[in-house]
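Novice: Here it is, the structure, as structure tokens.
The values are calculated or read from the model by the stated rules, or taken from the named source; none is laboratory data. Computed from a prediction, not measured in an experiment: that's the story for all the values here. Note that we place each Cβ from the backbone using ideal geometry, even for glycine, and neighbour counts take in every protein chain shown. The protein model used for the area step is the full one, side chains on, heavy atoms only, and it has no ligands, DNA or RNA in it. Shrake-Rupley method; radii C 1.70, N 1.55, O 1.52, S 1.80 Å.
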Amino acid sequence: MAGYLFRRLVQSALILLGVSFITFVLLYVLPADPVRQIAGRSATAQTVENIRQQLGLDQPMLVQYWRYLSGLVQGDMGRSYLQKTEVSTLIAARLPASLLLMAGGIGCELMIGLTLGIVAAVFRGRPLDQGLMVTSFVAVSAPQFVVGLLLLYVFAVQLGWFPIGGYGTASHLVLPAVTLGIMGSGWYSRMMRSSMVEVLRQDYIRTARAKGLTRARVLIHHALPNAILPIIAMIGIDIGIFMGGIVVVESVFGWPGIGQLAWQAIQRVDIPIIMGVTMVSASAIVLGNLLADFVTPMIDPRIKLR
């Protein structure tokens, strides 16, 4: 167990190192110049050069990366070029909102996706099964901004059930969480259907039915605990995807999370913020996968860590 944990931690550290290097290189070769964004259009060449030297952007790429990595190891993500504030402070202020939206989105996609997947598996091969799978395909394919704007128009503008945007109450969370959940539910429903169909064909399910157990008891107590195992790994991956992929939803609904912070930083070429949000998202993905690896054996003791 200890050896496995050590190997996974080393692998996670190498993955984060690779993400930081690749992201830094991509930002370094961007044609956009962050110094010009800071200095303004009317700045002289001497002013631009002075700012470049103050920020250390006149140094070679590897020197800049080593300086950033040294600070990152010590918990220093750098300082925003334009906001003149520590990146860690900016992210910490936005992180609770993103975590809340992430939890709401994962909850919605699980509730919708698992329900559709179980129903489709129970009625496999029938019109209901086919209809639900078509619905899942549409949900996966639908762009998030289209779904978000449609929900806003129907439930906020026309019906007035929810606020158009903002943050602070449960009613503000519903529409952005459902927007995230609709797309994810398509993947979960298809995965749950495949897993449940496979489990329902097992001998122990036939034995449970032969004992006279009701369909609900067979599904809940015998089939579901085994069919849900592949879903756990997907949840772990979703933790990271939601942290880094909610830019569109946060922008549509005016949700003050790190996705909106990243979008603003991209528009302004604020490299420290972009790097900080990227590293937080990558860390969330790595952490989610680690949690999935360790939680799965707790649910099914037959699965061993190797």
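Novice: Equivalent-ellipsoid semi-axes (√(5λ), Cα gyration tensor) for region 12-73, whole Å, largest first?
Specialist: Semi-axes, largest first: 27, 12, 8 Å.
Novice: Grab the beta carbon distance between GLN267 and ASP203, set R0 = 45 Å, and tell me the FRET efficiency rounded to 0.05.
Specialist: Numbers: r = 58 Å, r/R0 = 1.30.
The value I calculate is 0.15.
Novice: Hey, another quick one. Would you please give the residues with an amide H less than 5 Å from that of ARG79, counting only those at least 5 places away or on a separate chain, with H modeled from the backbone geometry?
Specialist: VAL87
Novice: For PHE137 and VAL157, FRET efficiency with R0 = 25 Å and r from the beta-carbon atoms, rounded to 0.05? Could you put the intermediate results ahead of the total?
Specialist: Details: r = 28 Å, r/R0 = 1.12.
After rounding, the FRET efficiency stands at 0.35.
Novice: Which three numbers, in whole Å and largest first, are the semi-axes of the equivalent ellipsoid of the chain derived from its Cα gyration tensor as √(5λ)? Walk me through the numbers on the way to the answer.
Specialist: On the way: eigenvalues 386, 132, 40 Å².
That gives 44, 26, 14 Å for the three semi-axes.
Novice: How large is the helix-only mean residue ellipticity at 222 nm for the chain, computed as the sum of -39500 (n - 2.57) over DSSP H runs with n ≥ 4, divided by its residue count, in deg cm²/dmol to the nearest 500?
Specialist: Numbers: 14 runs with 222 residues, N = 306.
Result for the chain: -24000 deg cm²/dmol, rounded to the nearest 500.
Novice: Let me ask you something else. Could you work out what % of the accessible surface of the chain is carbon and sulfur, using a 1.4 angstrom probe and leaving DNA, RNA and ligands out of the count?
Specialist: Values: 10970 of 16430 Å².
Carbon with sulfur: 67 percent of the solvent-accessible area.
Novice: Give me the 1.4 Å probe accessible area per residue for the chain, excluding ligands and nucleic acids, in Å².
Specialist: Values: 16430 Å² over 306 residues.
Result: 54 Å² per residue.
Novice: If you take every residue apart from SER136 with its C-beta less than 10 Å away from the C-beta of SER136, what net charge results, scoring Lys and Arg +1 and Asp and Glu -1? Don't skip to the answer; put the middle values down first.
Specialist: Details: positive: ARG190, ARG193; negative: none.
Net local charge, SER136 excluded: +2.
Novice: Starting from 0.36 nm per residue, how many nanometres of slack lie between ALA32 and LEU224 once their C-alpha separation is accounted for? Write down the numbers at each step before the final one.
Specialist: On the way: separation 192, 0.36 × 192 = 69.12 nm, distance 5.16 nm.
So the extension gain works out to 64.0 nm.
Novice: Continuing with this model, one more query. Using alpha carbons only, how many angstrom separate the centre of region 169-202 from the centre of region 43-70?
Specialist: So the two Cα centres are separated by 46 Å.
Novice: Would you work out the charge dipole size for the chain about its Cα centre, treating the Cβ of every Lys and Arg as +1 and the Cβ of every Asp and Glu as -1, and quote it to the nearest 20 debye?
Specialist: Numbers: 23 positive and 14 negative charges, 211 e Å.
About 1020 debye.
Novice: Which of GLY257, GLY113, GLY168 ends up with the largest GNM mean-square fluctuation for the chain, with Cα atoms connected below 10 Å?
Specialist: GLY168
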